[in-house]
Amino acid sequence: MPAIVSASYVRQAKTPGVPHEESAEKQSDAEGPATVSEEPAATDAAREPSASAHTRRARRQAQNDHEDELKHPTRLQRAYLPIIRWTLKHSATTIILALLVMGVTLAAAPFMKTNFLGDSGQNTLSVTQTLEPGASLDAQDEAATKVENALLDIDGIETVQVSIGSSGNSLTSAFGGGDAGAISFSITTDVDADQTALQQTVRDKLATIDDAGTIEVSASSGFGASSDIEVDITATSSEDLEKATTSVHDAVTDLDSVAEVSDNLAESRPYIEVAVNRQDAAEAGYSEVALSSFVAGATKPQQAGTIVIDDTTLTIYVETADEPASLDELRDLEVPTPTGVVALSTLATVEISDGPQSVTTVKGDRSATVSATPAGDNIGAASVEMQEAVDSVDLPAGASAELGGVSADQDTAFQQLGIAMLAAILIVYIVMVATFRSLRQPLLLLVSVPFAATGAIGLQLATGVPLGVPSLIGVLMLIGIVVTNAIVLVDLVNQYRDKGLTVADAVEHGSVRRLRPILMTALATIFALTPMALGITGHGGFISQPLAIVVIGGLVSSTVLTLVVLPTLYNLVEGAKERRAVKRSRKAEATAERDNADSVPSESEPTGVR
């Protein structure tokens with residue numbers, strides 16, 4: 001029996017501060033060879049609890065090493081500590097509030113204005129005045145004088161340059177031969193004036209002038225692009241095209257979002273039509289082409305050959321001595337036939353007709369264009385209203401109408417920039433996966449991108465600046481900017497975890513340590529972009545202002561995300577992983593202790609009997 005008591009003492013004895021295997025070893029030395037057989041079993045059973053105890057001691061040591069950061073926080077850190085601690089304790093509430101903010105912002109996105117490049121902000125306008133075809137130069141000068149005087153009476157207009165008989169464009173005049181009946185005005189306005197309001201004032205003033213023809217006011221968009229929304233109409237016949245164009249023109253004119261509407265079918269010119277009677281011409285020995293060539297030769301000089309004089313090749317034209325000078329003279333034009341000379345009127349019908357200045361076709365069908373100038377800077381809303389108006393028009397069979405112009409350019413640009421954003425997000429994700437060697441943590445960082453968009457949308461709604469190509473370029477820049485601070489924060493948190501801190505402690509210490517540099521980088525960028533956002537950069541403000549507003553708004557929301565929402569997300573995801581690991585470790589410890597308790601007595605009992 002004493003031997004059995006000794007065996008029981010060997011199983012229960014432990015030296016304070018010494019692992020179980022060391023205590024067992026010392027006791028075996030005291031008891032002699034009888035206890036040597038217990039050492040392997042005791043060592044294996046105690047290895048896992050010893051490792052777990054070492055991990056806990058390392059965590060406590062790492063926490064003590066970093067406690068000094070929170071013992072003496074700065075004033076900024078003291079204000080931030082209650083926030084980060086509350087969010088870590090109420091992670092679900094924090095995430096729900098962040099999602100609500102993002103949802104409200106995205107719900108307000110449809111109320112945001114959209115355009116293509118926006119108003120260039122230049123202090124120039126152009127006015128085009130079109131009179132009836134065939135108007136004399138004196139009539140054009142009289143009509144232009146009325147418009148010129150009205151323009152000079154408007155406050156904000158400094159100079160007015162008038163061009164009569166030409167579009168005012170040197171290239172158009174050189175290659176197109178001018179534009180008869182068109183009068184153009186090049187206007188220079190005050191630099192400090194509100195250009196959009198001044199354009200509307202000019203339109204209202206010129207609309208009160210009577211007997212001045214058709215007047216159109218236009219201002220070039222960024223980079224010389226047109227700001228008009230166009231409706232491209234096609235039809236199989238001229239009658240259907242005219243009917244469809246008139247219907248669309250009338251439907252678009254009544255829209256409040258449209259300032260003025262025009263179509264290229266209105267540009268018609270009178271001409272003399274010679275309709276050949278094929279049967280009478282054939283009896284006289286002429287085909288339709290032959291008779292047309294004879295009339296053309298009688299009404300304009302014909303090329304007879306070339307001659308070289310002083311190394312210069314000159315073309316010889318032969319002019320008819322008695323060219324028809326009036327419609328009656330053309331009808332009485334003598335046409336030689338095998339039966340004798342007859343008048344042209346006996347072989348063809350000669351009359352004055354009106355026709356389009358130019359004929360355009362698309363895939364063999366006649367086409368026309370209805371152009372509408374938006375009343376404001378919200379091209380997106382104007383395009384939607386115009387599309388609804390076009391859809392409500394009852395077009396003739398075979399006719400079609402679709403939106404083009406600046407609306408099509410805007411849609412194309414938005415699609416291309418959207419693809420570029422997706423590619424940028426993918427590239428950033430791949431780089432972060434290679435850096436963090438994790439697929440989960442880069443996804444946490446990319447959450448900052450949609451939250452950054454909430455700030456950009458909110459600030460654009462607050463300022464009333466439309467969303468255009470410059471704004472989307474700013475969003476593309478934000479994808480790389482907003483992730484930077486998040487990378488710095490998560491990298492420091494990972495370093496603290498490697499030193500033994502728990503996820504919650506590492507997040508708290510890392511957020512406090514990175515608070516000041518994150519705020520400094522964000523504020524430095526925001527203040528640097530403030531002059532651009534205020535629009536004090538001159539004529540280039542139509543690009544720089546929307547870009548700066550998007551970046552500033554995105555930085556504000558992404559900074560809040562990095563300091564509040566991102567730590568909460570990290571704690572939820574990585575903390576759950578840590579809690580599962582601790583739970584598994586405790587389960588392994590309990591299992592090891594039960595195995596140790598069951599195995600040691602069974603081996604000690606024979607020893608005591610021996």
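The values are calculated or read from the model by the stated rules, or taken from the named source; none is laboratory data. Everything quoted here is computed from the prediction, not taken from an experiment. Heads up, the Cβs are rebuilt from the backbone with ideal geometry, glycines too, and the neighbour counts pull from every protein chain shown. The area values use the complete protein model at the heavy-atom level, side chains included, leaving out ligands, DNA and RNA. Shrake-Rupley method; radii C 1.70, N 1.55, O 1.52, S 1.80 Å.
Over all pairs of distinct alpha carbons, what does the Kirkwood formula give as the hydrodynamic radius of segment 376-458, in Å? One over the average 1/r among Cα pairs gives 16.6 Å for segment 376-458. Placing R0 at 30 angstrom, the Cβ-Cβ distance between R437 and A413 gives a FRET efficiency of 0.20 after rounding to 0.05. Ligands, DNA and RNA excluded, the heavy atoms of H72 present near 150 Å² of accessible surface to a 1.4 Å solvent probe. Under a cut-off of 17 Å between alpha-carbon atoms, report the lysines in cross-link reach of K205, not counting same-chain residues fewer than 8 places apart. Within the straight-line cut-off, K205 pairs with K146. With all protein chains kept in place, the per residue accessible area of segment 335-426 amounts to 53 square angstrom at a probe of 1.4 angstrom.
Under the classification rounded if a/c is under 1.5, otherwise prolate if a/b is larger than b/c and oblate if not, where does segment 403-558 fall, given a ≥ b ≥ c as square roots of the Cα gyration tensor eigenvalues?
oblate
Please find the FRET efficiency linking A524 to D394, where r is the Cβ-Cβ separation and R0 is fixed at 56 Å, and quote it to the nearest 0.05. That pair, A524 with D394, gives E of 0.40.
Partners of K499 within straight-line reach, counting lysines whose Cα lies under 22 Å from its Cα and excluding those fewer than 8 residues away in the same chain: K71, K577, K583.
The candidates R513, R579, arranged from most to least accessible area with a 1.4 Å probe in the full protein assembly, appear as R579, R513. With 0.36 nm allotted per residue and the present C-alpha distance subtracted, the I427-I83 stretch has 120.5 nm of extension available. The label-point distance for L327 and K583, in a model that sets each label 7 Å from Cα toward Cβ, rounds to 9.8 nm. Once the Cα-Cα distance is subtracted from the 0.36 nm per residue extended length, the Q495 to L152 segment shows a gain of 116.4 nm. For T145 and T214, what does the FRET efficiency come to when R0 = 25 Å and r is the distance between their Cβ atoms, rounded to the nearest 0.05? In this case the efficiency is close to 0.90.
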